[in-house]
1. Counting only heavy atoms of the protein chains, get the accessible area per residue of segment 1-54 (1.4 Å probe) and round it to a whole Å² value.
2. May I ask you to give the percent of accessible area on segment 1-66 that is carbon plus sulfur, with a probe radius of 1.4 Å?
3. Would you grab the residues whose amide H sits under 5 Å from the one on residue 66? Only those 5+ places off in sequence or on another chain, please, with H modelled 1.01 Å from N.
4. When Lys and Arg each count +1 and Asp and Glu each count -1, what net charge do the other residues less than 14 Å away from residue 54, Cβ to Cβ, add up to?
5. In what sequence, highest mean first, do 8-15, 51-58 appear when ranked by Cβ atoms within 10 angstrom?
6. I want the local charge near residue 33. Using Cβ-Cβ distances under 12 Å, sum +1 for each Lys or Arg and -1 for each Asp or Glu among the other residues.
7. Just to check I understand the Karplus step: with θ = phi - 60° and J = 6.51 cos²θ - 1.76 cosθ + 1.60, what whole-Hz values come out for segment 20-34, glycine and proline as x?
Amino acid sequence: FVRHKCLINHWPFLLVAPTTLKRFVTGHGNAQKDQIMLEVYKRYGETFLDNNLADAFVLAQVGYCFSPKASNTVISKSVMELIKTQLN
């Protein structure tokens, strides 16, 4: 549904595989749900009672990193280094 809505409205979107999401936040693609929640807390100071909410938060962070707004900020340089490190 979401992808269809993006396509018909010409909104940009990213498809993020579960292993990519895990690697983005933990550094490795086979992390368990508890590890993801712990890393979200360590990196962003956010806590979630539901691992699906933690996943959604990480997806939002991935989306922000690739947004045009992020590319013009000082933070984006460090974020891009993080992406290079964690996605390679």
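The values are calculated or read from the model by the stated rules, or taken from the named source; none is laboratory data. Nothing here was measured: the structure is a model prediction, and the numbers come from that model. Neighbour counts are summed over all protein chains in view; Cβ atoms, including those assigned to glycine, are modelled from backbone coordinates with ideal geometry. Only protein heavy atoms, including side chains, enter the accessible area calculation; ligands, DNA and RNA are left aside. Shrake-Rupley method; radii C 1.70, N 1.55, O 1.52, S 1.80 Å.
1. In whole numbers, segment 1-54 has 76 Å² accessible per residue.
2. The computed percentage sits at 58.
3. none
4. -1
5. 51-58, 8-15
6. Result for the local shell: -3.
7. Each residue of segment 20-34 in turn: 5, 4, 4, 5, 4, 8, 10, x, 9, x, 10, 5, 7, 4, 5 Hz.
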